[in-house]
Each structure stands twice: as structure tokens, then as C-alpha cells.
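*Asks:* Input: one structure, supplied below.
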Amino acid sequence: MRRKDQEIFAADKASYVPVFNRYKIVLDHGEGAYAWDINGKKYIDFLGGIAVNVLGHNYKPLVDAVAKQAGKLIHCSNLYYTQPQAAAAAKLVELSGLGKAFFGNSGAEANEGAIKIARKYAHAINPEKSQIITAWNSFHGRTLATLTATGQPHYQEGVGPLPAGFDYVHYNDIEELESMMSDKTAAVMLETIQGEGGVYTPENDYLKKVRALCDKHHALLILDEIQAGIGRSGKFFAYEKYGIKPDIVTLAKGLAGGVPIGAFIVTDEVANAFKPGDHGTTFGGNPLACAAANVVLDTVPEEDFLHNIEEVGAYFKGKLEALQDKYPTLIKEVRGTGLILGAELTSADYGRDIVNNCLEKGAIINCTVGKVLRFIPPLIITKEQVDEVLDILDGVLSQYA
Ligand SMILES: Cc1ncc(COP(=O)(O)O)c(C=O)c1O
């Protein structure tokens, strides 16, 4: 008898644009921090849909809110008001201390909107003030503007001409940024914590100094918290950890616990750069996505919830450091904070292999940039579940040592 997963692999090969380097499992359902494949095999999920399933799988209040909203109104166009959208925007404004929110459908769309409003704001000051400075090794999305903002040239190959006006600096290098900025700088756009590029946190008051340079040049500071936001760092917005406030912050991924959504949140002054008709979206901020976002926004900012992230994150990082001590020839460095953690391997030769072996043993983890094991699990994980995953990883690493 043919296994169901083999049929799905074949159907995918025949009919799906081959852009994903997929792992050979077909996921079917989940509960909390666990997921099951179509053959009934159980996995502990420490990727959470790449930082998306913040409340875990099948979280009842989220499922109920989505089901209830689906039965009332899934979509109605932004030509009309809805209660879920108004509530979600008000919560984001309150949590961020900024002025206005706008909803799209993805991270790339949130960043695209952020770049656009920053340019529009700067244009009114000086039509030549259009430079956007981003960081090497960053990741901001796959649309043309956001992949240009992404400081990883391999994503940009062969799809040019790219939008003009983007320059790149090394993250955490404040002198380089200073030398690059002028009154032509419209915005500096950074991930508060670099995720896809290998989990790098800001060092030595970097973000405070970036904030000061932006103020000096009347440039906007855009922080991309699509991966690091929504509580993942232990604060609702990761920038709260570093004592600064951006002019624009972008969110997506975990914002609606798995329902597609993206958002940019801006100061009132920046919001005024857009007039009716300057921006829009058909689906963005629809009542279904916003009903889901409201559950996340009522849950994650709670003190106990955030405290648990810090506590479990610190425990997890300590355990990863212990693994580094045990396997110094395999693990070069452990980085990150809260529940965005990375363990850099000494070689890119076996990153994917380690992930595959963990999968075989029932743990879903991830490897980014070929050699950084990245952990961005649901935010509801427990210390026992950290032990469960790290026992599996320990067993796998022992095969390479
Ligand atoms: C920091 C960051 N920005 C933007 C994006 C793009 O988000 P999306 O894939 O929803 O377009 C990602 C996705 O990984 C991300 O990690």
C-alpha cells in the first residue's frame, strides 16, 4: 500500500513551484507544542511555523475566536469599519506607545508599507531625502523593495533592476552607520534582533546610538519586529529591552497566532504622511485575522506570560551553553534572548543533516544560514519541553562528535 505522504510528495513535485527546500514530512494537526504528521508520528515543535504559532497549536480561545468570527463575517473590505480591526489597532497603539496602526497580510507587506510611508514622510521634507539604510545579513521579505532591503545579495540575484536608494551597513557597527548617514537619509531599517541571518542581538547600546543618529539627521528609525516581536524577547516589543522607541515598527508572524496578518505601527506625525488613497489593501486587517490578533494581543502582553518567556528562555539558553561545553568542536557560539535563540555550528556541512536527524527522532528544529540552529518555538513551551528537545539534540550531536 502506498503511504499517504508519498502521494503528497509526488503531487507537490508535479504541481508546486519548486521554491521550498522542504523536509520530508506532511504535517497534519497539532496540540500545544506538539504536531503530528499524516502517518500519526508525533513531533515536539520548536519552530512553531517559524515564530508564528506563539500560542501553540489548537489553542482553544484562538480556535473559538476564529470560528466565531468566521460564522459572523470573514471579510467585508476596508471601505467599512469593523469592531475586531478597531480593537486590534487600539491595542497595538497602546502597547507600542506609537500613534496609528495599519494591517496587511504578511511581514513583507508590513515592511513594504513601512518603507513607503517613510519615503513619503521624508519626501515632504526634501524630495532628495530618500536613502534607506539597512543591515547586511538582515531579512525583511521577498517583495522587490523588501528583498532589496534584505542585506543578503543571494536573494536579489537575477530579479533586477531593483528599487534604488538602499544602502547597507554592518549590524552593530555604529561608526559605519554614522559615516553612511546624511540629511538625505529617509530611514534606517533594522531588525531589533536579527533572526533569519543567524540570531544576532544588539550590543553596546547600539540601538540607542542608532536612535540618536536618526534624530540628528531627522531620519526615521524603522524596527522590523516581525520575528523578534510579540513577546519573543520577553518584552512585547523587543525594542523595550533596549530602552528605545522607533518611529515605525513592523509586526507579522505571531501577531494573529497563525492566521495571516502583518502590521506597521507609526507615530502620529508619520501617519499623517499618508492621505486617503495613498495606501491600501483588500484583505489586510479583515475581521477574521483581527479576531485572531485580538486573542494574541489579550494574552501575550500579560505580565505572567512574558515572565514565563524570560524564565524558560534563560533556562533554554543555559542548557544550550551546557551543550556547547559538551560539544565544543561542534557548537561555536550560543546567542539570543528570550525564546529567539541560536546555536552556531562550527561548520555548515552538517546543519541540515542535524535538523533531519532531530526530525527523525521526533523534534522539529531549524537551521538558518546553513549553520545556525535556530530555536523560535511557541511561547507557551515549558522547561520540561526544553529538556525533551535538548535530549534529542544531544543524542544527535553525539553522532558527530
Ligand atoms: C524579520 C523578518 N522580516 C520580514 C519577514 C518576512 O515576512 P513574511 O514571510 O511574512 O513576508 C520575515 C520572515 O521570515 C522576518 O523574519
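*Asks:* Testing Gln85 on (1) without any contact (Cβ under 8 Å) to a residue 12 or more places away in the chain; (2) part of a helix (DSSP H, G or I); (3) within 21 Å of Ala65 (Cα to Cα), one condition comes back false. Which one is that?
*Replies:* Against the list (1) without any contact (Cβ under 8 Å) to a residue 12 or more places away in the chain; (2) part of a helix (DSSP H, G or I); (3) within 21 Å of Ala65 (Cα to Cα), Gln85 comes up short only on (1).
*Asks:* Of all residues in segment 230-251, how many are on the phi > 0 side of the Ramachandran plot and touching a Ser or Thr at 6+ places or on another chain (Cβ under 8 Å)?
*Replies:* Qualifying residue count, segment 230-251: 1.
*Asks:* Out of curiosity, is Ala322 assigned by TED's automatic domain parsing to the domain that holds Ile117 and of a type in the set (Gly, Ala, Ser)?
*Replies:* Against the criterion (assigned by TED's automatic domain parsing to the domain that holds Ile117 and of a type in the set (Gly, Ala, Ser)), Ala322 does not qualify.
*Asks:* In segment 255-303, what residues are more than 22 Å from Leu379 (Cα to Cα) and among the acidic types (Asp, Glu)?
*Replies:* Asp268, Glu269, Asp278, listed by residue number.
*Asks:* Do any residues in segment 270-283 that are farther than 16 Å from Tyr81 by Cβ have Cβ atoms under 7 Å from those of residues that are outside any loop (DSSP other than H, G, I, E, B) and open to solvent by less than 40 Å² (accessible area, probe 1.4 Å), where the two are at least six apart or on different chains, and which pairs are they?
*Replies:* Note: pairs meeting the criteria are Val270/Ile117; Val270/Tyr121; Val270/Leu220; Val270/Ile248; Ala273/Ile117; Ala273/Tyr121; Phe274/Ile117; His279/Gly113.
*Asks:* Of everything in segment 255-274, what is more than 16 Å from the ligand (Cβ to nearest atom) and not hydrophobic (A, V, I, L, M, F, W, C)? Give them in sequence order.
*Replies:* If the condition is that a residue be more than 16 Å from the ligand (Cβ to nearest atom) and not hydrophobic (A, V, I, L, M, F, W, C), then Thr267, Asp268, Glu269, Asn272 are the ones that fit.
*Asks:* Within the set of pairs 6 or more residues apart or between chains, which connect a residue that is assigned by TED's automatic domain parsing to the domain that holds Gly141 and assigned to a loop (DSSP other than H, G, I, E, B) inside segment 175-194 to a residue that is acidic (Asp, Glu) and within 16 Å of the ligand (Cβ to nearest atom) with Cβ atoms less than 8 Å apart?
*Replies:* Hits for this filter: Thr192/Asp224; Thr192/Glu225.
*Asks:* Something else now. List, please: which pairs have Cβ atoms under 8 Å, are six or more places apart or on different chains, and start with a residue in segment 133-145 that is in contact (Cβ under 8 Å) with a residue 24 or more places away in the chain and buried (at least 24 other Cβ atoms within 10 Å of the Cβ) and end with one that is assigned to a loop (DSSP other than H, G, I, E, B) and of a type in the set (Asp, Glu)?
*Replies:* Phe139/Glu196
*Asks:* While we're on this one: Any idea which residue in segment 224-254 is farthest from Gly284 (Cα to Cα), counting only those that are near the ligand (Cβ under 10 Å from one of its atoms) and not in a loop (DSSP other than H, G, I, E, B)?
*Replies:* Result: Asp224.
The values are calculated or read from the model by the stated rules, or taken from the named source; none is laboratory data. Quantities reported herein were computed from a predicted structural model and do not represent experimental measurements. Reconstructed Cβ throughout: ideal geometry from the backbone, glycine too, with neighbour counts over all protein chains shown. What goes into the accessible areas is simple: the full protein's heavy atoms, side chains included, and nothing from ligands, DNA or RNA. Shrake-Rupley method; radii C 1.70, N 1.55, O 1.52, S 1.80 Å.
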